[in-house]
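Below: the structure, in structure tokens.
The values are calculated or read from the model by the stated rules, or taken from the named source; none is laboratory data. All figures in this text were calculated on a predicted structure; none of them were measured in a lab. Backbone-built Cβ (ideal geometry, glycine too); neighbour counts: all protein chains shown. Accessible surface areas use protein heavy atoms only, side chains included; no ligands, DNA or RNA. Shrake-Rupley method; radii C 1.70, N 1.55, O 1.52, S 1.80 Å.
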Amino acid sequence: MKPAALGPDKKPTERSKFNKLLSEIKKHRMIYTLLLPGLIWLLLFAYLPMGGLSLAFKDYKANMGIWGSPWVGFENFKYVFRDPTFIDAVWRTLYINIIKLAITFPVPIILALMLNELRMGRMKKAFQTVLTFPHFLSWIIVSGIVINVLSYDGLVNSTLALLGLPTINFLGSEGTFIPMILMTDIWKSAGWGAIVYLAAISGIDQDQYESAQIDGATRMQQMFRITLPNIMPTVTIMFILSVGGLMSSGFDQIFNLANAATKNVSEVLDVYIYRITFQSSTDFSFSTAVSLFRSLVNMILLLLADRVAKKMGGDGLFR
């Protein structure tokens, strides 16, 4: 005997789905109310401005506006890739960011593991506060501190002069610029980045540590056999996000620490976009084309890093 066919009333209709959605929203209305300001901000400042990306395919005329300016197709991109300064800026950006990724990325992980090993609660909180505080300073303040400390008449060179040692041109030397970028980036962001890993560590089941202690495992063995494997999913996600930003070099940091003497090593893609937009003959179409290229490369790198992480058996950003 064949089962009776389901009638149309047995299948959920679009109207019933919509009513169910409305009832869920009404049920959790307080949560959606809290989300509303963030969603409005995202719409106004993240999605609506995307219409301006059309400038990359137009010859922008201020008197005609964005929508009235004539379309030129990929002409702006042709000019971009013919500019040798742009190519240099791309390679310089990748060079600096790959060094940053290799040197600065592990620092918050190591810092979080070290803080987790502190058993004195007050000391742990004090260290965490001191290490996190630089994150809340703007790069203008940080650069002011660095300039006052490393300038010719700054703290370091004044101390060297008192000791009878030769002074060092820290700020005007191309050889010291990238190490200065790395050190200031670690000082400013390592403590804040460690918070993410400390949160992941706090979610580890404590029974694993108790079992390891019963088996006679040392603190170091517990760190490498329990703590690190448990936070690897978080490390993977943070690494993927970092790879997705390889074409963005941190404009605030480099712009405030660079000067004319270090231009050959400091003009990364973000600084290049700023210069062609505001410091030379203004060409918004050209600078938008460069910005769009940078965003597309970042997206491709993000997807590639996500795919590689999955191939290696880790968790990715996308399912």
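A few remarks follow.
- Of all residues in the stretch 283-306, those that are among the hydroxyl-bearing types (Ser, Thr, Tyr) and surrounded by fewer than 16 Cβ atoms within 10 Å (Cβ to Cβ) total 1.
- Candidate set from the stretch 204-245 (those that are small (Gly, Ala, Ser) and open to solvent by 40 Å² or more (accessible area, probe 1.4 Å)); member that is nearest to the chain's Cα centre (by Cα): Ser242
- Selection within the stretch 163-199 - more than 13 Å from Val265 (Cβ to Cβ) and of a type in the set (Ser, Thr, Tyr): Thr167, Thr184, Ser189, Tyr197
- Count of the stretch 66-84 residues, restricted to those that are at pLDDT 85 or above, touching a helix residue (DSSP H, G or I) at 6+ places or on another chain (Cβ under 9 Å), in a helix (DSSP H, G or I) and farther than 15 Å from Ser291 by Cβ, is 1.
- Remark: pairs (first residue in the stretch 148-159, over 19 Å from Thr184 (Cα atoms); second residue open to solvent by less than 100 Å² (accessible area, probe 1.4 Å) and part of a loop (DSSP other than H, G, I, E, B); Cβ separation under 9 Å; 6+ apart in sequence or on different chains) = Ser158/Thr167; Thr159/Leu165.
- Residue within the stretch 205-214 that is assigned to a helix (DSSP H, G or I), touching a residue at least 24 places away in the same chain (Cβ under 8 Å) and closer than 30 Å to Ser242 by Cβ present: no
- Members of the stretch 107-147 found to be exposed (fewer than 12 other Cβ atoms within 10 Å of the Cβ) and either free of Cβ contacts under 8 Å to residues at least 24 places away in the same chain or out of contact with any helix residue (DSSP H, G or I) (no Cβ under 9 Å at 6 or more places or on another chain) (or both), listed by number: Arg119, Met120, Gly121, Arg122, Met123, Thr129, Phe136
- Scanning the stretch 262-282 for residues that are open to solvent by 50 Å² or more (accessible area, probe 1.4 Å), in a helix (DSSP H, G or I) and either without any contact (Cβ under 8 Å) to a residue 60 or more places away in the chain or farther than 19 Å from Tyr95 by Cα (or both) yields Lys263, Tyr274, Arg275, Phe278, Gln279.
- Those residues of the stretch 150-181 which are among the β-branched types (Val, Ile, Thr) and either at pLDDT 90 or above or open to solvent by 50 Å² or more (accessible area, probe 1.4 Å) (or both), in sequence order: Thr159, Thr167, Ile168, Ile178, Ile181
- Checking Asn63 against (1) open to solvent by 50 Å² or more (accessible area, probe 1.4 Å); (2) part of a helix (DSSP H, G or I), the condition it does not meet: (2)
- Leu292 meets the conditions (1) under 13 Å from Gly244 (Cα atoms); (2) modelled with pLDDT of 85 or more in every case but one. The failed one is (1).
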